[in-house]
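Presented below is the structure to which this report refers.
The values are calculated or read from the model by the stated rules, or taken from the named source; none is laboratory data. Since we're looking at a predicted model, the values are computed, not measured. All Cβ positions, glycine included, derive from the backbone under ideal geometry; neighbour counts span all protein chains shown. Surface accessibility is based on the protein's heavy atoms, side chains included, excluding ligands, DNA and RNA. Shrake-Rupley method; radii C 1.70, N 1.55, O 1.52, S 1.80 Å.
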Amino acid sequence: MIDLEICCGTTCYMLGGAALLELEKALPEEWRQLVDVRAVPCTDACAREDLGRAPFVRLNGELIANATREKIYLRLSELVAAAGGEK
Amino acid sequence: MSNGAERLRRELMIRVVREFKKGTLAENIDRMPVAIRPRHSEFSRCCVYHDRAVLKYRLMALMGCDCRREDEDETKPLHEYLKETMSDPVRPERPLTVCAAGCDGCPESRINITTNCRGCFARPCVFSCPKGAIHVEDQHAVVDYSKCIKCGKCLQVCPFNAIIKTKVPCEDACPVGAIRKNEFGVADIDFDKCIYCGKCYSKCPFSAIMERSELLRVLEALKSGKKLVALVAPSAQFQFPGGIGKLFSAIAAVGFFDVIEVALGAELTTENEAKEFIERMKKGEKLMTTSCCTAYVELVKRHVPQLLDRVSDTPSPMRYAGRLAREKHPDAINVFIGPCIAKRLEAAESEEIDMAMTFEELGALLAGWGVDIMSQPEWPIPRPAIVTARNFAKSCGVTEAVLNELLGESGDIKLDGKFFNGIDAKSAKLLALYAAGKLPGNFLEVMSCEGGCVGGPCSLIKN
Ligand code: SF4
Ligand code: SF4
Ligand code: FES
(Lines give C-alpha, C1' and ligand atoms only; values in the text may rest on other atoms or scores of the structure.)
(Ligands and ions follow the chains in the order given, each with its own letter.)
Protein backbone atom coordinates (compact mmCIF):
# COMPACT_ATOMS: atom_id res chain seq x y z
CA MET A 1 0.00 0.00 0.00
CA ILE A 2 1.26 3.50 -0.84
CA ASP A 3 0.64 6.00 1.91
CA LEU A 4 -0.51 9.45 0.79
CA GLU A 5 -0.95 11.92 3.62
CA ILE A 6 -2.42 15.27 2.67
CA CYS A 7 -1.91 17.96 5.26
CA CYS A 8 -5.08 19.81 6.07
CA GLY A 9 -3.56 21.95 8.77
CA THR A 10 -4.71 25.54 8.48
CA THR A 11 -1.74 26.84 6.49
CA CYS A 12 -1.69 24.03 3.96
CA TYR A 13 -5.46 24.12 3.64
CA MET A 14 -5.35 27.85 2.87
CA LEU A 15 -2.55 27.58 0.35
CA GLY A 16 -3.90 24.80 -1.79
CA GLY A 17 -4.42 21.77 0.46
CA ALA A 18 -8.19 22.21 0.26
CA ALA A 19 -8.09 21.43 -3.44
CA LEU A 20 -5.70 18.50 -2.96
CA LEU A 21 -8.20 16.84 -0.64
CA GLU A 22 -10.34 16.27 -3.73
CA LEU A 23 -7.57 14.20 -5.21
CA GLU A 24 -8.76 10.88 -3.85
CA LYS A 25 -11.87 10.95 -5.99
CA ALA A 26 -9.84 11.84 -9.05
CA LEU A 27 -7.35 8.97 -8.80
CA PRO A 28 -7.43 6.50 -11.68
CA GLU A 29 -9.29 3.28 -10.87
CA GLU A 30 -6.17 1.05 -10.98
CA TRP A 31 -4.43 3.26 -8.42
CA ARG A 32 -7.20 3.35 -5.89
CA GLN A 33 -6.59 -0.05 -4.31
CA LEU A 34 -2.88 0.75 -4.17
CA VAL A 35 -3.04 4.16 -2.52
CA ASP A 36 -4.26 4.95 0.97
CA VAL A 37 -5.21 8.64 1.04
CA ARG A 38 -5.52 10.33 4.41
CA ALA A 39 -6.03 13.90 5.60
CA VAL A 40 -3.65 14.64 8.46
CA PRO A 41 -3.31 17.60 10.84
CA CYS A 42 -0.43 20.08 10.70
CA THR A 43 2.99 18.48 11.12
CA ASP A 44 4.73 21.84 11.67
CA ALA A 45 6.48 21.70 8.31
CA CYS A 46 4.77 25.00 7.52
CA ALA A 47 6.44 26.74 10.46
CA ARG A 48 9.95 25.96 9.22
CA GLU A 49 11.76 28.03 6.64
CA ASP A 50 13.95 25.25 5.28
CA LEU A 51 11.37 22.77 4.05
CA GLY A 52 9.80 24.84 1.30
CA ARG A 53 6.33 26.26 0.93
CA ALA A 54 2.94 24.88 1.86
CA PRO A 55 0.92 22.89 0.95
CA PHE A 56 2.72 19.76 2.08
CA VAL A 57 1.94 16.12 1.42
CA ARG A 58 3.79 12.97 2.40
CA LEU A 59 4.11 10.03 0.05
CA ASN A 60 5.32 6.96 1.94
CA GLY A 61 6.81 9.34 4.46
CA GLU A 62 8.65 11.43 1.88
CA LEU A 63 7.77 15.12 2.24
CA ILE A 64 6.67 16.99 -0.87
CA ALA A 65 6.58 20.77 -0.54
CA ASN A 66 4.54 23.15 -2.68
CA ALA A 67 2.50 20.13 -3.61
CA THR A 68 0.34 20.21 -6.71
CA ARG A 69 -1.74 17.53 -8.32
CA GLU A 70 0.85 17.17 -11.04
CA LYS A 71 3.71 16.69 -8.60
CA ILE A 72 1.76 14.11 -6.64
CA TYR A 73 0.72 12.23 -9.77
CA LEU A 74 4.26 12.14 -11.05
CA ARG A 75 5.69 10.71 -7.84
CA LEU A 76 2.75 8.36 -7.43
CA SER A 77 3.19 6.92 -10.89
CA GLU A 78 6.85 6.16 -10.04
CA LEU A 79 5.82 4.48 -6.81
CA VAL A 80 3.06 2.52 -8.51
CA ALA A 81 5.47 1.37 -11.21
CA ALA A 82 8.01 0.32 -8.58
CA ALA A 83 5.35 -1.54 -6.61
CA GLY A 84 4.27 -3.33 -9.79
CA GLY A 85 7.88 -4.30 -10.48
CA GLU A 86 8.24 -5.98 -7.11
CA LYS A 87 5.29 -8.27 -7.63
CA MET B 1 -6.44 26.89 -4.84
CA SER B 2 -7.78 28.49 -7.93
CA ASN B 3 -4.79 30.62 -8.89
CA GLY B 4 -1.42 32.14 -8.14
CA ALA B 5 -2.74 35.60 -7.33
CA GLU B 6 -4.92 34.16 -4.61
CA ARG B 7 -2.03 32.18 -3.23
CA LEU B 8 0.28 35.16 -3.04
CA ARG B 9 -2.40 37.24 -1.34
CA ARG B 10 -2.92 34.60 1.30
CA GLU B 11 0.78 33.99 1.85
CA LEU B 12 1.28 37.68 2.43
CA MET B 13 -1.57 37.82 4.96
CA ILE B 14 -0.17 34.84 6.84
CA ARG B 15 3.27 36.47 6.91
CA VAL B 16 1.85 39.69 8.27
CA VAL B 17 -0.02 37.85 11.02
CA ARG B 18 3.13 35.92 11.97
CA GLU B 19 5.23 39.07 12.21
CA PHE B 20 2.51 40.79 14.17
CA LYS B 21 2.34 37.94 16.63
CA LYS B 22 6.09 38.00 17.10
CA GLY B 23 5.89 41.75 17.66
CA THR B 24 8.24 42.42 14.73
CA LEU B 25 5.81 43.74 12.13
CA ALA B 26 6.64 47.44 12.49
CA GLU B 27 10.33 46.70 12.28
CA ASN B 28 10.12 44.34 9.28
CA ILE B 29 7.23 45.61 7.21
CA ASP B 30 9.33 47.94 5.04
CA ARG B 31 11.59 45.06 4.05
CA MET B 32 8.79 42.64 3.40
CA PRO B 33 8.39 43.22 -0.35
CA VAL B 34 12.15 42.72 -0.77
CA ALA B 35 12.15 39.65 1.43
CA ILE B 36 9.42 38.10 -0.70
CA ARG B 37 11.02 39.10 -3.99
CA PRO B 38 14.79 39.15 -3.43
CA ARG B 39 17.07 40.35 -6.23
CA HIS B 40 17.51 37.08 -8.10
CA SER B 41 14.24 35.38 -7.34
CA GLU B 42 11.54 34.42 -9.76
CA PHE B 43 9.07 37.15 -10.48
CA SER B 44 5.47 37.18 -11.61
CA ARG B 45 5.25 40.52 -13.42
CA CYS B 46 7.95 42.12 -15.58
CA CYS B 47 10.69 42.14 -12.92
CA VAL B 48 11.24 41.86 -9.17
CA TYR B 49 10.91 45.64 -8.80
CA HIS B 50 7.42 45.71 -10.21
CA ASP B 51 6.46 42.79 -7.98
CA ARG B 52 7.83 44.64 -4.97
CA ALA B 53 5.91 47.79 -5.82
CA VAL B 54 2.65 45.87 -6.04
CA LEU B 55 3.45 44.02 -2.81
CA LYS B 56 3.83 47.37 -1.10
CA TYR B 57 0.37 48.41 -2.24
CA ARG B 58 -1.01 45.06 -1.23
CA LEU B 59 0.35 45.58 2.26
CA MET B 60 -1.18 49.04 2.30
CA ALA B 61 -4.59 47.66 1.37
CA LEU B 62 -4.16 45.08 4.11
CA MET B 63 -3.76 48.01 6.48
CA GLY B 64 -6.98 49.48 5.14
CA CYS B 65 -5.43 52.25 3.02
CA ASP B 66 -6.78 53.55 -0.23
CA CYS B 67 -4.09 52.85 -2.84
CA ARG B 68 -5.08 55.54 -5.28
CA ARG B 69 -2.97 58.45 -4.15
CA GLU B 70 0.06 57.23 -6.07
CA ASP B 71 2.77 59.83 -5.61
CA GLU B 72 2.46 60.15 -1.88
CA ASP B 73 2.13 56.37 -1.67
CA GLU B 74 5.45 55.75 -3.37
CA THR B 75 7.55 57.77 -0.97
CA LYS B 76 5.93 57.01 2.35
CA PRO B 77 7.38 53.97 4.11
CA LEU B 78 5.06 51.15 5.11
CA HIS B 79 5.78 51.41 8.82
CA GLU B 80 4.29 54.90 8.77
CA TYR B 81 1.10 53.60 7.22
CA LEU B 82 1.10 50.95 9.91
CA LYS B 83 1.44 53.52 12.66
CA GLU B 84 -1.45 55.50 11.18
CA THR B 85 -3.69 52.44 10.90
CA MET B 86 -3.05 51.38 14.45
CA SER B 87 -3.81 54.79 15.90
CA ASP B 88 -6.71 55.68 13.63
CA PRO B 89 -10.05 54.43 14.92
CA VAL B 90 -11.89 55.45 11.73
CA ARG B 91 -12.80 52.48 9.59
CA PRO B 92 -12.11 52.45 5.85
CA GLU B 93 -15.19 54.02 4.30
CA ARG B 94 -15.09 52.01 1.06
CA PRO B 95 -14.06 48.41 1.11
CA LEU B 96 -12.37 48.34 -2.31
CA THR B 97 -9.45 50.06 -3.95
CA VAL B 98 -7.61 49.65 -7.25
CA CYS B 99 -3.85 49.34 -7.25
CA ALA B 100 -2.75 51.23 -10.35
CA ALA B 101 0.71 49.64 -10.24
CA GLY B 102 -0.92 46.23 -10.34
CA CYS B 103 -3.39 46.93 -13.13
CA ASP B 104 -2.09 45.77 -16.50
CA GLY B 105 -4.35 48.16 -18.38
CA CYS B 106 -5.72 45.24 -20.36
CA PRO B 107 -6.44 46.19 -23.99
CA GLU B 108 -10.02 47.05 -24.85
CA SER B 109 -12.23 44.11 -25.62
CA ARG B 110 -12.21 43.28 -29.34
CA ILE B 111 -12.61 40.63 -31.98
CA ASN B 112 -9.30 39.09 -33.06
CA ILE B 113 -8.67 36.84 -36.03
CA THR B 114 -5.92 34.41 -35.06
CA THR B 115 -3.47 32.49 -37.23
CA ASN B 116 -5.91 29.60 -37.18
CA CYS B 117 -7.74 31.38 -39.99
CA ARG B 118 -7.27 29.48 -43.23
CA GLY B 119 -9.01 31.99 -45.45
CA CYS B 120 -11.45 29.26 -46.37
CA PHE B 121 -13.64 29.14 -49.43
CA ALA B 122 -17.01 29.29 -47.62
CA ARG B 123 -16.10 32.30 -45.43
CA PRO B 124 -19.00 31.97 -43.03
CA CYS B 125 -17.58 34.84 -40.94
CA VAL B 126 -18.03 37.26 -43.80
CA PHE B 127 -21.58 36.08 -44.36
CA SER B 128 -22.59 36.04 -40.71
CA CYS B 129 -21.42 39.56 -39.88
CA PRO B 130 -24.47 41.84 -39.68
CA LYS B 131 -22.32 44.94 -40.21
CA GLY B 132 -20.18 43.78 -43.12
CA ALA B 133 -17.10 44.31 -40.98
CA ILE B 134 -15.12 41.29 -42.19
CA HIS B 135 -13.40 40.79 -45.50
CA VAL B 136 -10.61 38.46 -46.64
CA GLU B 137 -7.23 39.78 -47.68
CA ASP B 138 -4.33 37.54 -48.75
CA GLN B 139 -6.17 34.40 -47.62
CA HIS B 140 -6.80 35.82 -44.14
CA ALA B 141 -9.92 37.36 -42.63
CA VAL B 142 -9.58 40.98 -41.52
CA VAL B 143 -11.86 42.98 -39.24
CA ASP B 144 -12.75 46.58 -39.93
CA TYR B 145 -12.92 47.91 -36.39
CA SER B 146 -14.78 51.04 -37.41
CA LYS B 147 -17.72 48.79 -38.26
CA CYS B 148 -17.40 45.90 -35.77
CA ILE B 149 -19.94 45.91 -32.94
CA LYS B 150 -18.35 42.91 -31.14
CA CYS B 151 -21.53 40.86 -31.40
CA GLY B 152 -19.48 37.68 -31.73
CA LYS B 153 -21.55 36.08 -34.50
CA CYS B 154 -18.40 35.36 -36.50
CA LEU B 155 -16.92 33.51 -33.51
CA GLN B 156 -19.66 30.96 -33.56
CA VAL B 157 -19.50 30.14 -37.25
CA CYS B 158 -15.77 29.75 -37.90
CA PRO B 159 -15.11 26.02 -38.37
CA PHE B 160 -11.49 26.45 -37.20
CA ASN B 161 -12.21 28.46 -34.04
CA ALA B 162 -9.95 31.07 -35.56
CA ILE B 163 -11.82 34.06 -34.15
CA ILE B 164 -11.67 35.07 -30.52
CA LYS B 165 -13.04 37.91 -28.47
CA THR B 166 -10.63 39.30 -25.94
CA LYS B 167 -12.10 40.88 -22.87
CA VAL B 168 -11.16 43.10 -19.97
CA PRO B 169 -11.87 40.75 -17.08
CA CYS B 170 -12.97 43.34 -14.51
CA GLU B 171 -15.15 45.28 -16.93
CA ASP B 172 -16.62 42.08 -18.24
CA ALA B 173 -17.46 40.89 -14.72
CA CYS B 174 -18.96 44.13 -13.41
CA PRO B 175 -22.76 43.93 -13.50
CA VAL B 176 -23.23 47.71 -13.35
CA GLY B 177 -20.49 49.19 -15.52
CA ALA B 178 -18.76 50.73 -12.52
CA ILE B 179 -15.20 49.83 -13.44
CA ARG B 180 -13.53 51.53 -16.41
CA LYS B 181 -10.13 52.76 -17.50
CA ASN B 182 -9.25 56.25 -16.35
CA GLU B 183 -7.30 58.78 -18.41
CA PHE B 184 -4.06 56.93 -17.60
CA GLY B 185 -5.36 53.68 -19.00
CA VAL B 186 -5.72 51.85 -15.69
CA ALA B 187 -8.87 50.57 -14.06
CA ASP B 188 -10.76 52.83 -11.73
CA ILE B 189 -13.99 52.29 -9.86
CA ASP B 190 -16.85 54.76 -9.96
CA PHE B 191 -18.03 54.50 -6.37
CA ASP B 192 -21.37 56.13 -7.15
CA LYS B 193 -22.18 53.09 -9.27
CA CYS B 194 -20.28 50.31 -7.47
CA ILE B 195 -22.37 47.85 -5.48
CA TYR B 196 -19.37 46.10 -3.87
CA CYS B 197 -20.30 42.73 -5.30
CA GLY B 198 -16.60 41.89 -5.56
CA LYS B 199 -16.90 40.34 -9.01
CA CYS B 200 -14.05 42.47 -10.38
CA TYR B 201 -11.96 41.53 -7.37
CA SER B 202 -12.49 37.84 -8.03
CA LYS B 203 -11.92 38.05 -11.77
CA CYS B 204 -8.87 40.33 -12.13
CA PRO B 205 -6.00 37.96 -13.05
CA PHE B 206 -3.47 40.55 -11.86
CA SER B 207 -5.22 40.85 -8.51
CA ALA B 208 -5.12 44.62 -8.91
CA ILE B 209 -8.43 45.20 -7.20
CA MET B 210 -7.84 45.01 -3.51
CA GLU B 211 -9.90 44.97 -0.37
CA ARG B 212 -9.27 47.56 2.24
CA SER B 213 -8.89 45.25 5.15
CA GLU B 214 -9.48 45.68 8.85
CA LEU B 215 -7.31 42.69 9.71
CA LEU B 216 -4.66 44.76 11.46
CA ARG B 217 -7.22 46.55 13.58
CA VAL B 218 -8.60 43.18 14.64
CA LEU B 219 -5.06 42.00 15.45
CA GLU B 220 -4.34 45.13 17.45
CA ALA B 221 -7.58 44.78 19.41
CA LEU B 222 -6.76 41.13 20.15
CA LYS B 223 -3.27 42.01 21.30
CA SER B 224 -4.39 44.82 23.55
CA GLY B 225 -6.62 42.36 25.37
CA LYS B 226 -9.95 43.82 24.24
CA LYS B 227 -13.02 41.66 24.45
CA LEU B 228 -13.85 40.54 20.92
CA VAL B 229 -16.85 38.50 19.83
CA ALA B 230 -16.71 36.69 16.49
CA LEU B 231 -19.95 36.55 14.49
CA VAL B 232 -19.45 33.80 11.96
CA ALA B 233 -21.54 33.71 8.77
CA PRO B 234 -23.39 30.47 7.98
CA SER B 235 -21.34 29.67 4.89
CA ALA B 236 -18.37 28.90 7.19
CA GLN B 237 -19.71 25.37 7.50
CA PHE B 238 -18.65 24.64 3.91
CA GLN B 239 -15.35 26.47 4.06
CA PHE B 240 -13.06 25.12 6.73
CA PRO B 241 -11.82 21.62 7.51
CA GLY B 242 -13.38 19.84 10.45
CA GLY B 243 -16.78 21.57 10.79
CA ILE B 244 -17.80 24.69 12.69
CA GLY B 245 -17.34 23.18 16.16
CA LYS B 246 -13.59 22.94 15.62
CA LEU B 247 -13.52 26.25 13.79
CA PHE B 248 -15.13 28.07 16.70
CA SER B 249 -12.58 26.61 19.12
CA ALA B 250 -9.82 27.77 16.79
CA ILE B 251 -11.27 31.29 16.77
CA ALA B 252 -11.34 31.26 20.56
CA ALA B 253 -7.76 30.01 20.57
CA VAL B 254 -6.49 33.22 18.96
CA GLY B 255 -8.13 35.20 21.73
CA PHE B 256 -11.75 35.85 20.79
CA PHE B 257 -13.87 35.97 23.91
CA ASP B 258 -16.96 34.36 22.40
CA VAL B 259 -18.12 33.00 19.04
CA ILE B 260 -21.69 33.34 17.81
CA GLU B 261 -23.31 31.81 14.75
CA VAL B 262 -24.78 34.41 12.43
CA ALA B 263 -27.33 31.71 11.60
CA LEU B 264 -28.99 32.58 14.91
CA GLY B 265 -29.52 36.03 13.43
CA ALA B 266 -30.86 34.35 10.29
CA GLU B 267 -33.55 32.72 12.43
CA LEU B 268 -34.74 36.16 13.49
CA THR B 269 -34.53 37.48 9.95
CA THR B 270 -36.70 34.58 8.80
CA GLU B 271 -39.29 35.06 11.49
CA ASN B 272 -39.62 38.79 10.90
CA GLU B 273 -39.36 38.63 7.16
CA ALA B 274 -42.22 36.11 7.10
CA LYS B 275 -44.36 38.42 9.25
CA GLU B 276 -43.46 41.39 7.12
CA PHE B 277 -44.39 39.46 3.98
CA ILE B 278 -47.86 38.65 5.32
CA GLU B 279 -48.41 42.25 6.41
CA ARG B 280 -47.35 43.66 3.08
CA MET B 281 -49.54 41.23 1.14
CA LYS B 282 -52.49 42.04 3.39
CA LYS B 283 -51.96 45.71 2.60
CA GLY B 284 -52.36 44.76 -1.04
CA GLU B 285 -48.74 44.97 -2.10
CA LYS B 286 -47.84 42.71 -5.00
CA LEU B 287 -44.18 42.00 -4.33
CA MET B 288 -41.60 41.89 -1.60
CA THR B 289 -37.91 41.21 -2.15
CA THR B 290 -35.27 39.99 0.27
CA SER B 291 -32.77 42.34 1.87
CA CYS B 292 -30.07 40.08 3.29
CA CYS B 293 -27.63 40.41 0.39
CA THR B 294 -25.93 43.78 0.75
CA ALA B 295 -24.71 43.93 -2.84
CA TYR B 296 -28.27 43.42 -4.02
CA VAL B 297 -29.60 46.18 -1.77
CA GLU B 298 -26.87 48.48 -3.10
CA LEU B 299 -27.89 47.50 -6.64
CA VAL B 300 -31.44 48.58 -5.93
CA LYS B 301 -30.40 51.81 -4.21
CA ARG B 302 -28.06 52.88 -6.98
CA HIS B 303 -29.57 51.42 -10.12
CA VAL B 304 -33.23 50.44 -9.61
CA PRO B 305 -34.46 52.98 -7.01
CA GLN B 306 -38.08 52.43 -8.06
CA LEU B 307 -37.82 48.97 -6.46
CA LEU B 308 -36.61 50.25 -3.11
CA ASP B 309 -40.06 50.25 -1.49
CA ARG B 310 -40.40 46.56 -2.28
CA VAL B 311 -37.19 45.63 -0.46
CA SER B 312 -37.83 44.08 2.94
CA ASP B 313 -37.11 46.33 5.94
CA THR B 314 -36.13 43.35 8.07
CA PRO B 315 -32.51 43.61 9.20
CA SER B 316 -30.00 41.12 7.83
CA PRO B 317 -28.81 38.07 9.80
CA MET B 318 -25.52 39.85 10.46
CA ARG B 319 -27.28 42.73 12.19
CA TYR B 320 -29.57 40.50 14.25
CA ALA B 321 -26.58 38.43 15.31
CA GLY B 322 -24.87 41.67 16.28
CA ARG B 323 -27.84 42.53 18.48
CA LEU B 324 -27.72 39.10 20.14
CA ALA B 325 -24.04 39.65 20.83
CA ARG B 326 -24.70 43.10 22.29
CA GLU B 327 -27.28 41.61 24.66
CA LYS B 328 -24.92 38.88 25.76
CA HIS B 329 -21.74 40.95 25.94
CA PRO B 330 -22.63 44.65 25.98
CA ASP B 331 -19.02 45.72 26.46
CA ALA B 332 -17.51 43.65 23.63
CA ILE B 333 -16.37 44.49 20.12
CA ASN B 334 -18.42 42.65 17.50
CA VAL B 335 -16.42 41.26 14.59
CA PHE B 336 -18.40 39.90 11.65
CA ILE B 337 -16.62 37.15 9.69
CA GLY B 338 -17.97 36.20 6.28
CA PRO B 339 -17.20 35.58 2.60
CA CYS B 340 -18.31 39.01 1.49
CA ILE B 341 -16.94 42.41 0.50
CA ALA B 342 -20.30 44.20 0.47
CA LYS B 343 -20.93 43.19 4.09
CA ARG B 344 -17.96 45.36 5.03
CA LEU B 345 -19.97 48.31 3.82
CA GLU B 346 -23.09 47.24 5.68
CA ALA B 347 -20.99 46.53 8.77
CA ALA B 348 -19.53 50.04 8.65
CA GLU B 349 -23.05 51.45 8.52
CA SER B 350 -24.44 49.20 11.27
CA GLU B 351 -24.39 50.18 14.89
CA GLU B 352 -24.29 46.48 15.88
CA ILE B 353 -21.07 45.60 14.06
CA ASP B 354 -17.70 47.09 14.91
CA MET B 355 -15.34 45.32 12.52
CA ALA B 356 -15.62 42.98 9.56
CA MET B 357 -13.32 40.26 8.32
CA THR B 358 -13.41 37.69 5.55
CA PHE B 359 -13.00 33.93 5.66
CA GLU B 360 -9.76 34.36 3.82
CA GLU B 361 -8.50 36.70 6.52
CA LEU B 362 -9.74 34.39 9.24
CA GLY B 363 -7.87 31.50 7.63
CA ALA B 364 -4.73 33.64 7.46
CA LEU B 365 -5.18 34.74 11.07
CA LEU B 366 -5.44 31.13 12.26
CA ALA B 367 -2.57 29.97 10.06
CA GLY B 368 -0.31 32.86 11.05
CA TRP B 369 -1.14 32.37 14.71
CA GLY B 370 -0.23 28.69 14.43
CA VAL B 371 -3.70 27.41 15.26
CA ASP B 372 -4.48 24.10 13.58
CA ILE B 373 -8.25 23.85 13.16
CA MET B 374 -8.31 20.07 12.77
CA SER B 375 -6.67 19.44 16.13
CA GLN B 376 -9.08 21.67 18.07
CA PRO B 377 -11.71 20.25 20.42
CA GLU B 378 -15.39 20.71 19.53
CA TRP B 379 -16.73 24.06 20.70
CA PRO B 380 -19.78 23.65 22.91
CA ILE B 381 -22.36 25.56 20.85
CA PRO B 382 -25.03 26.40 23.46
CA ARG B 383 -27.89 26.21 21.00
CA PRO B 384 -27.10 25.31 17.42
CA ALA B 385 -29.03 27.30 14.84
CA ILE B 386 -31.73 25.45 12.93
CA VAL B 387 -30.87 23.97 9.56
CA THR B 388 -32.99 26.34 7.49
CA ALA B 389 -31.20 29.30 9.09
CA ARG B 390 -27.80 27.78 8.38
CA ASN B 391 -28.91 27.31 4.78
CA PHE B 392 -29.27 31.06 4.30
CA ALA B 393 -25.83 30.77 2.82
CA LYS B 394 -27.18 28.99 -0.23
CA SER B 395 -29.20 30.37 -3.07
CA CYS B 396 -32.93 29.84 -2.40
CA GLY B 397 -32.11 29.34 1.27
CA VAL B 398 -33.90 32.49 2.37
CA THR B 399 -37.05 31.61 0.47
CA GLU B 400 -37.07 28.10 1.86
CA ALA B 401 -36.68 29.38 5.41
CA VAL B 402 -39.49 31.92 4.98
CA LEU B 403 -41.75 29.30 3.39
CA ASN B 404 -41.05 27.00 6.30
CA GLU B 405 -41.86 29.78 8.75
CA LEU B 406 -45.12 30.53 6.96
CA LEU B 407 -46.32 26.93 7.11
CA GLY B 408 -49.90 26.92 8.26
CA GLU B 409 -49.91 30.55 9.33
CA SER B 410 -50.35 32.43 6.10
CA GLY B 411 -54.08 31.81 5.65
CA ASP B 412 -55.00 32.36 2.04
CA ILE B 413 -51.80 34.22 1.19
CA LYS B 414 -49.60 32.03 -0.95
CA LEU B 415 -45.93 32.68 -1.40
CA ASP B 416 -44.85 32.55 -5.03
CA GLY B 417 -41.07 32.66 -4.91
CA LYS B 418 -38.70 33.75 -7.69
CA PHE B 419 -34.92 33.79 -7.55
CA PHE B 420 -31.93 35.60 -8.91
CA ASN B 421 -29.09 33.18 -8.37
CA GLY B 422 -26.30 35.69 -9.03
CA ILE B 423 -26.38 39.22 -10.41
CA ASP B 424 -25.12 40.01 -13.91
CA ALA B 425 -25.31 42.81 -16.44
CA LYS B 426 -28.92 42.00 -17.26
CA SER B 427 -30.15 42.01 -13.66
CA ALA B 428 -30.89 45.72 -13.30
CA LYS B 429 -33.15 45.64 -16.35
CA LEU B 430 -35.00 42.58 -15.12
CA LEU B 431 -35.43 44.10 -11.69
CA ALA B 432 -36.94 47.19 -13.27
CA LEU B 433 -39.53 44.91 -14.84
CA TYR B 434 -40.28 43.45 -11.42
CA ALA B 435 -40.65 46.96 -10.04
CA ALA B 436 -43.10 47.75 -12.81
CA GLY B 437 -45.15 44.70 -11.85
CA LYS B 438 -44.59 43.08 -15.24
CA LEU B 439 -43.30 39.75 -13.96
CA PRO B 440 -44.97 37.02 -11.92
CA GLY B 441 -44.13 36.13 -8.30
CA ASN B 442 -44.73 37.93 -5.02
CA PHE B 443 -41.53 37.02 -3.20
CA LEU B 444 -38.22 37.72 -4.89
CA GLU B 445 -34.93 36.47 -3.51
CA VAL B 446 -31.83 38.07 -4.97
CA MET B 447 -28.29 36.96 -4.17
CA SER B 448 -25.43 38.75 -5.85
CA CYS B 449 -23.19 35.70 -5.82
CA GLU B 450 -23.87 32.62 -7.85
CA GLY B 451 -24.97 29.87 -5.49
CA GLY B 452 -25.50 32.43 -2.71
CA CYS B 453 -22.97 33.44 -0.07
CA VAL B 454 -21.20 30.07 -0.37
CA GLY B 455 -19.92 31.50 -3.65
CA GLY B 456 -18.90 34.78 -2.02
CA PRO B 457 -15.88 36.67 -3.35
CA CYS B 458 -13.81 36.07 -0.20
CA SER B 459 -14.70 32.46 0.37
CA LEU B 460 -11.82 30.05 0.81
CA ILE B 461 -12.99 27.35 -1.52
CA LYS B 462 -15.05 28.13 -4.53
CA ASN B 463 -17.52 25.38 -5.12
S1 SF4 C 1 -19.99 46.71 -8.83
FE2 SF4 C 1 -18.87 44.83 -8.35
S3 SF4 C 1 -17.66 44.37 -10.23
FE4 SF4 C 1 -18.40 46.50 -10.40
S5 SF4 C 1 -16.70 47.75 -9.61
FE6 SF4 C 1 -18.09 47.38 -7.87
S7 SF4 C 1 -17.31 45.50 -6.88
FE8 SF4 C 1 -16.36 45.64 -8.90
S1 SF4 D 1 -24.61 36.77 -1.95
FE2 SF4 D 1 -23.77 36.83 0.14
S3 SF4 D 1 -21.54 36.93 -0.15
FE4 SF4 D 1 -22.48 37.50 -2.12
S5 SF4 D 1 -22.60 39.75 -2.04
FE6 SF4 D 1 -24.58 38.94 -1.30
S7 SF4 D 1 -24.34 38.85 0.95
FE8 SF4 D 1 -22.28 39.05 0.07
S1 FES E 1 -0.43 23.21 7.96
FE2 FES E 1 0.50 21.69 6.78
S3 FES E 1 2.40 21.46 7.75
FE4 FES E 1 1.41 22.97 8.97
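Hull volume per residue, based on the alpha-carbon atoms of the protein assembly as shown and their convex hull, is 210 Å³.
Take the accessible area of A alone and of B alone, subtract that of the pair with a 1.4 Å probe, and the total buried over both chains is about 1500 Å².
Find the all-direction average of the projected area of the Cα convex hull for chain B, expressing the result in square nanometres with one decimal place. Show your work: numbers first, answer last.
Numbers: hull surface 105.3 nm².
Mean shadow area of the hull around the Cα atoms is 26.3 nm².
Heavy atoms of the protein chains alone define the surface here; on that basis the protein assembly as shown has 46 Å² accessible area per residue at 1.4 Å probe size. Taking the 1.4 Å solvent-accessible surface of the protein assembly as shown as the whole, the part contributed by carbon and sulfur is 53%. In this simple spin-label approximation, B:ASN116 and B:GLU84 carry label points 7 Å from Cα along the Cα→Cβ vector, and these lie 4.8 nm apart.
Please compare each pair in B:LYS193/B:LYS301; B:LYS147/B:LYS193; B:LYS343/B:LYS429; B:LYS181/B:LYS343; B:LYS275/B:LYS301; B:LYS83/B:LYS223 to a cut-off of 18 Å on the Cα-Cα distance and tell me which ones are over it. Before the final figure, lay out each step's value.
Working: B:LYS193/B:LYS301 10 Å; B:LYS147/B:LYS193 30 Å; B:LYS343/B:LYS429 24 Å; B:LYS181/B:LYS343 26 Å; B:LYS275/B:LYS301 24 Å; B:LYS83/B:LYS223 15 Å.
Where the Cα-Cα span goes over 18 Å, the pairs concerned are B:LYS147/B:LYS193; B:LYS343/B:LYS429; B:LYS181/B:LYS343; B:LYS275/B:LYS301.
Counts of other chain beta carbons within 10 angstrom of each beta carbon in peptide A:15-24 average 3.
Taking all Cα pairs closer than 8 Å and separated by 6 or more residues, the relative contact order of chain B comes to 17 percent.
Taking label points 7 Å from Cα along the Cα-to-Cβ direction, A:ARG38 and A:ASP3 give a separation of 0.7 nm. Each of A:TYR13, B:GLY185, B:VAL229 was scored by the projection of its Cα onto the charge dipole of the protein assembly as shown, and the greatest displacement toward the positive side belongs to B:GLY185; charges sit on the C-beta of Lys, Arg, Asp and Glu. Which of the aspartates and glutamates could a cross-linker span from B:LYS394 if the Cα-Cα distance has to be under 13 Å and same-chain partners fewer than 8 positions apart are dropped? Of all the aspartates and glutamates, those that pass the test against B:LYS394 - Cα under 13 Å, at least 8 places apart if same chain - are B:GLU445, B:GLU450. Taken along the Cα-to-beta-carbon direction at a fixed 7 Å, the label points for B:LYS418 and B:GLU349 span 2.4 nm. Its relative contact order, with pairs defined as Cα atoms under 8 Å and 6+ residues apart, puts segment B:335-436 at 15 percent.
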